[in-house]
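The values are calculated or read from the model by the stated rules, or taken from the named source; none is laboratory data. Here the structure is a predicted model, which is why all the values come from computation and not from measurement. Every residue, glycine as well, gets a Cβ built from its backbone with ideal geometry; the counts of neighbours run over all protein chains shown. Heads up: the accessible areas ignore ligands, DNA and RNA and are worked out on the full protein's heavy atoms, side chains in. Shrake-Rupley method; radii C 1.70, N 1.55, O 1.52, S 1.80 Å.
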Amino acid sequence: MPEERQHYRPSWDDYFMSIAKIIATRGTCDRLYSGSVLVKNNRIISTGYNGSPPGLPHCNDAGHLLEDGHCVRTIHGEHNSLLQAAINGGTTTVGATLYTKYSPCIHCTKYIIACGIVRVVMGKVYRNEKVLDMLKAAGVKVDFYQENPDWSQELTAIFSEDIPERTNEGAVKMEVTHE
């Protein structure tokens, strides 16, 4: 039997940023594959990636719809996270944290502020550094995700290894009685 790896438990930032990166792979605009995760009390409220509105053609299929050098066919990942939270309902975005691969655009920044997001964790600045000032001026805490080499190594191992088989050894036997 192969030796099992030691379990590595990631920090919350490592965990949610990893999920944002995976979500970005669903994107349908090759100009930027971005993903985001909206979290409250360490629970995922919603997720989003760059993609067209439901039922409309995607950039990958129909090409880009450019306006002033920007593709406007898609809804950005951050905006999609906020919209998904609204559609799902049952919670509020006030007090939430947004994890995103890249800094939000100016429009998404306005939506983030208006939705009461209190913290944004991002991987890299994309195009406009002024959004950082705008977020901070609105009282939103801005943090840059610091890649954790130990967690990165763990992720590589997780995604490259086979899922180990487990036996039913020691299973609890349950009896159902009918009265």
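Only one residue of Val176, Gly35, Cys105 has its Cα farthest out toward the positive end of the dipole of the chain, where Lys and Arg carry +1 and Asp and Glu -1 on Cβ, and that residue is Cys105.
Given a 1.4 Å probe and every protein chain left where it sits, what share in percent of the accessible area of the chain is carbon and sulfur? Write down the numbers at each step before the final one.
Working: 6230 of 11860 Å².
Carbon and sulfur together cover 53 percent of it.
Protein-only accessible surface at a 1.4 angstrom probe places the residues His107, His178 in the order His178, His107, largest first. Legend: residue pairs Lys21/Lys130; Lys101/Lys141; Lys110/Lys130; Lys101/Lys136; Lys101/Lys130, Cα-Cα distance threshold 20 Å; pairs beyond threshold, Lys21/Lys130. Among the DSSP helices (H) of the chain, none spans at least 24 angstrom by Cα along its long axis with an average Kyte-Doolittle hydropathy of 0.0 or more; this is a geometric and hydropathy rule only. The distance separating the Cα centre of the stretch 26-100 from that of the stretch 105-141 comes to 15 Å.
Out of these labelled values of volume of the Cα convex hull per residue in Å³, (i) 107; (ii) 134; (iii) 199, which was calculated from the coordinates shown here? Answer by label: (iii). Put simply, the amide H of Ser46, placed in the peptide plane, has neighbours under 5 Å in Leu38, leaving out anything fewer than 5 places away on its chain. Which Cys residues of the chain have no other Cys beta carbon under 4.7 Å away? That list is Cys71, Cys105, Cys108, Cys115.
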